[in-house]
Amino acid sequence: MRKFAASFGSLVADRRATVDAVTAAPTPLQPIDLTDDARVAEVLDLAVRVGEVLLASGTSAIDTATQVKFIAATYGLAQCDVDVTYNSIVVSAHRGPLIPPASTMRIVHYRSMDFTRLAAADRLTRRIRLEAITPAQAHAALDAIVSAPHPYNRWIATLGWAGLAAAVAVLLGGGPLIIAVSFLTTVVIDRVNRVLNRFGLPYFFQQMMGGLIAAAPATALYMVQDQLGVTIRPSQIIAAGVVVLLSGLSLVGSVQDAITGAPITAAARFFEVVMMTGGIIAGVALSLRVASALGANLPVISNDAQPDLTQLPVKVIAGALASTFYALACYAERRALTAAGLGGAAGLLFFVLAQSLGIGPVISSAIAATVIGFAGGLMARRALTPPLVVAVAGITPLLPGLSLYRGLYAMLNDEVIIGLTALLGAFGIGCALAAGVTLGEWGARTLRRPPRMRRNTTLRRPRFGRRSVVMSNSGAGSVTPKVG
């Protein structure tokens, strides 16, 4: 018992680990002249551009501001005010009572779930801290990161989205036909929306088109199932497509902003999530109305049965595959794929176990998401991948696609109470997932790093090279070290 307490104490301490929120540097690693406007502007531009990559990838406003402040402080701008909103970053650096403050602003015009770019920006921040590179070197590295193409072909990402739908169909109990139809439907959704995006169609209508395509094959197969001699549950196909469409929304970032003290950004992100979800609902509803006009009345969706523990291995494997495929669709690196798969497997394991104990879906989702966030924070240290990658990918199999469809279907059939209950349940599950991830990441950040990681992440001090002699007014020479 004493040995266990000693081991636990070596991990848990008041020293905070560096996960995705970097710790402040004690002294500038590359101090710059605060009176040199050009050098100050160079540092501020570097910091705000790194923040742009993070914010565009779904990082919360607080974590983005923390990294921006850290980069500025590394080069001597220790007193900075950073304001991060939904699509803008404003930085103001205080340079003393006699020098006007320097400020810059960056507007984020895009949203890109490129996990490779996110991981590269995270590594650049670590490199700035550890190697004390100059602002010019950091700018060159950041330019290479931003301009680099995706690590693999777009068709690989399409297959990733399709594989996610197939894995979700397995989680919903679908057979080979349901899995195949979900796979092919998602391929069509991704390719069609890619073309629509090229023409500049607003994302709301892209989500609407995705919901329309997700429901159409399910309805068509249900109408001809007797002729084909098969049994189809349309809800499984539709729910798999809905989960794929929901997975691209910044649900985790919006709830993290609300919890960590950025209510304005949280409100904007959450409103975007609501609007995009409304687009999915509108597309599915339109497809169901057309099917009803053609005489295809889909079967009533029954409540979910209690999970069978005999199916636990299958569900855990399906959850791991779903998370891995989602990370693949978002261009994650190879080592990040492994971490995402392990996070998804852990989340499904705890979710099914909690459900088997009679705990409701909301609390079960919160427990599973907490495990995912905690595991993601720990695995990120070894894989050197931002925890956001593991967190977002890990909760994807748990997104309430079936509850959302059940509520919509009930509303369309004038079952208002049942429909509202299901929709509120889906809303509760989504918030529980995001809140659980936030709690889990906080727990990982409060753990002390292992000795191996502490050795590998020691701050590297500037090296002093040639010495230059600076003459004072009295003629005496003073030696000033030059940072190398």
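The values are calculated or read from the model by the stated rules, or taken from the named source; none is laboratory data. These figures come from a predicted structure and were not determined experimentally. Note that each Cβ is placed from the backbone with ideal geometry, even for glycine, and that neighbours are counted across all protein chains shown. Surface accessibility is based on the protein's heavy atoms, side chains included, excluding ligands, DNA and RNA. Shrake-Rupley method; radii C 1.70, N 1.55, O 1.52, S 1.80 Å.
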Q) Is there a residue in the stretch 315-328 that is in contact (Cβ under 8 Å) with a residue 40 or more places away in the chain, over 20 Å from the mean Cα position of the chain (by Cα) and open to solvent by 60 Å² or more (accessible area, probe 1.4 Å)? A) no
Q. So Ala73 clears everything in (1) open to solvent by 50 Å² or more (accessible area, probe 1.4 Å); (2) in contact with a Pro (Cβ under 8 Å, 6 or more places away or on another chain); (3) modelled with pLDDT of 85 or more except one condition, right? Which one?
A. (1)
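Of everything in the stretch 108-136, what is assigned to a loop (DSSP other than H, G, I, E, B) and either among the hydroxyl-bearing types (Ser, Thr, Tyr) or more than 22 Å from the chain's Cα centre (by Cα) (or both)? Give them in sequence order. Break it down into steps so the answer makes sense when it comes.
The first filter runs over the stretch 108-136 and keeps only residues assigned to a loop (DSSP other than H, G, I, E, B), leaving 108-114, 132-134.
If the condition is that a residue be assigned to a loop (DSSP other than H, G, I, E, B) and either among the hydroxyl-bearing types (Ser, Thr, Tyr) or more than 22 Å from the chain's Cα centre (by Cα) (or both), then Tyr110, Ser112, Ala132, Ile133, Thr134 are the ones that fit.
Without any contact (Cβ under 8 Å) to a residue 12 or more places away in the chain and either under 23 Å from Leu408 (Cα atoms) or of a type in the set (Lys, Arg) (or both) - does that describe any residue in the stretch 242-261?
Of the residues in the stretch 242-261, the ones without any contact (Cβ under 8 Å) to a residue 12 or more places away in the chain are none.
Within the stretch 242-261, none of the residues are without any contact (Cβ under 8 Å) to a residue 12 or more places away in the chain and either under 23 Å from Leu408 (Cα atoms) or of a type in the set (Lys, Arg) (or both).
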Q.
Being at pLDDT below 85 and open to solvent by less than 30 Å² (accessible area, probe 1.4 Å) is the filter here; which residues of the stretch 132-162 pass it?
A. Ala132, Ile133
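Select, from Val181, Val244, Val224, the only residue that is open to solvent by 10 Å² or more (accessible area, probe 1.4 Å) and closer than 30 Å to Thr59 by Cβ.
After ruling out the rest, the residue left standing is Val244.
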Q: For residues that are among the β-branched types (Val, Ile, Thr), outside any loop (DSSP other than H, G, I, E, B) and more than 17 Å from Thr125 (Cβ to Cβ), tally how many sit in the stretch 39-97.
A: 2
Q | From Val300, Val255, residue being open to solvent by 80 Å² or more (accessible area, probe 1.4 Å), of a type in the set (Val, Ile, Thr) and at pLDDT below 85 | A | Val300
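Residues Pro202, Pro176: which one is free of Cβ contacts under 8 Å to residues at least 24 places away in the same chain, closer than 24 Å to Pro313 by Cβ and open to solvent by 40 Å² or more (accessible area, probe 1.4 Å)? Can you show your working first?
On the way: Pro202 fails: closer than 24 Å to Pro313 by Cβ.
None of the others qualify; the one that does is Pro176.
So which of Arg117, Arg106, Arg129 is within 30 Å of Ser323 (Cβ to Cβ) and open to solvent by 30 Å² or more (accessible area, probe 1.4 Å)?
Arg117
Sort out for me the helices (runs of 4 or more DSSP H) sitting completely within the stretch 391-479 that have 1 or more residues that are more than 30 Å from Pro361 (Cα to Cα) and modelled with pLDDT under 85. Full working, then the answer.
On the way: elements: 401-412, 416-445, 451-456.
Of the helices (runs of 4 or more DSSP H) lying wholly inside the stretch 391-479, those with at least 1 residues that are more than 30 Å from Pro361 (Cα to Cα) and modelled with pLDDT under 85 span 451-456.
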Q: Can you confirm whether the stretch 217-233 contains a residue that is among the aromatic types (Phe, Trp, Tyr) and at pLDDT below 85?
A: yes
**Q.** Output for the stretch 416-435, where each listed residue is surrounded by 15 or more Cβ atoms within 10 Å (Cβ to Cβ) and under 19 Å from Ala282 (Cβ atoms)
**A.** Gly419, Ala422, Leu423, Ala426, Phe427, Gly430
